[in-house]
1. Report the antiparallel proportion of the DSSP beta bridges in the chain as a percent, rounded to a multiple of 5.
2. Which residue fluctuates most in the GNM of the chain (Cα springs below 10 Å): Pro45, Pro78, Pro62?
3. About the Cα centre of region 1-150, how large is the charge dipole given +1 on each Lys and Arg Cβ and -1 on each Asp and Glu Cβ? Please answer in debye to the nearest 20.
4. With mean projected area of the Cα convex hull in nm² defined as stated, name the option among [x] 15.4; [y] 14.3; [z] 13.4 computed from the structure displayed.
5. In sequence order, what are the phi-derived ³J(HN,Hα) couplings for region 86-91 according to the Karplus relation 6.51 cos²θ - 1.76 cosθ + 1.60 with θ = phi - 60°, rounded to whole Hz, with x for glycine and proline?
6. Return the whole-Å distance between the Cα centroid of region 39-63 and the Cα centroid of region 129-195.
7. Give the residue from Ser162, Pro107, Ala231 lying farthest towards the positive end of the charge dipole for the chain; charges sit on Cβ (+1 for Lys and Arg, -1 for Asp and Glu) and the dipole is referred to the Cα centre.
8. With contacts defined as alpha carbon pairs under 8 Å and 6 or more residues apart, what's the relative contact order of region 39-197 in percent?
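Taken together, the values in this text are just the output of simple stated rules run on the coordinates, not laboratory data. Not measured: the values here are computed from a predicted model. No Cβ is skipped: glycine too gets one built from the backbone with ideal geometry, and neighbour counts run over all protein chains shown.
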Amino acid sequence: MAQKRWKKRLGLVLGRRRLLRDASFLHVLNEDEGKLLEPLRLGTPMVVVPNGVFAAEVGKRPNPGRFYLRYPQLENSPYILFLSRLHYKKGLDFLAAMFAKVASAIPEVRLVVVGPDGGALADFEGRVRNAGFANRVLVTGPLYGSAKSEALADAACFCLPSRQEGFSMAITEALAIGCPVLITENCHFPEVATAGAGLVVPLSVAELADAASRILRSSALRTRMGQEGLALVRKSYTWERISEYLEAAYRRHFRTR
């Protein structure tokens, strides 16, 4: 991540700075992206407009139990779902340690890991094996379409313990299907906690484990979080809403040029 940011800074020095400075406004995906630009002192207004999902997809859930039919080795056990690229910045080491704590306390829980390997898979598998819980972890590789929707719909909760995120579509997709979410503060999605759609915690094994256990132990909490997640997406994260935000931004800032 540091190397990527360094390359971006070099590009600015080589000519993009003027382009950004002369823009009517800068479109950023969340407040954190805006803060990253503050040291450049561009003086250009910034507008926060996230990515979104289609309104017709919000709350569109496959029939319960479909994911268990795909993967009968789960034995209908409740599971925590990680759905993202398997990369160091996604916090797979924290995920493994968190699951070891949760699995010790809740014998029936499983962990399902979905996504392409970005270099962290071998280390993750070694960690869960050393912890003695490899038989309760399912790694599927990437899933798409109905298989991905089924994974989200049947999950007890979605967990993304990232070290850093820009704007995670995986979180939005989980909210849009009514899955409770557990994320770190580094995901820069505080609206999840504000809306009551999930829990947002520091990047800490203990905090993640406590939060996951709280979600797993209360079906009422999971139901409430799922409902609040759907409401949050309908209110702020459909493409229809986002087009309204962007249109308002263009009208406001072009009028002042």
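1. On the way: 0 of 23 bridges.
Here the share of antiparallel DSSP bridges comes out near 0 percent.
2. Among Pro45, Pro78, Pro62, the largest mean-square fluctuation in the Gaussian network model of the chain belongs to Pro45.
3. Details: 24 positive and 13 negative charges, 130 e Å.
Roughly 620 debye for region 1-150.
4. [y]
5. After applying 6.51 cos²θ - 1.76 cosθ + 1.60, I find 7, 10, 3, 5, 7, x Hz.
6. A separation of 18 Å, based on Cα centres.
7. It is Ser162.
8. Numbers: 241 pairs, mean separation 44.9, N = 159.
After rounding, I find 28 percent.
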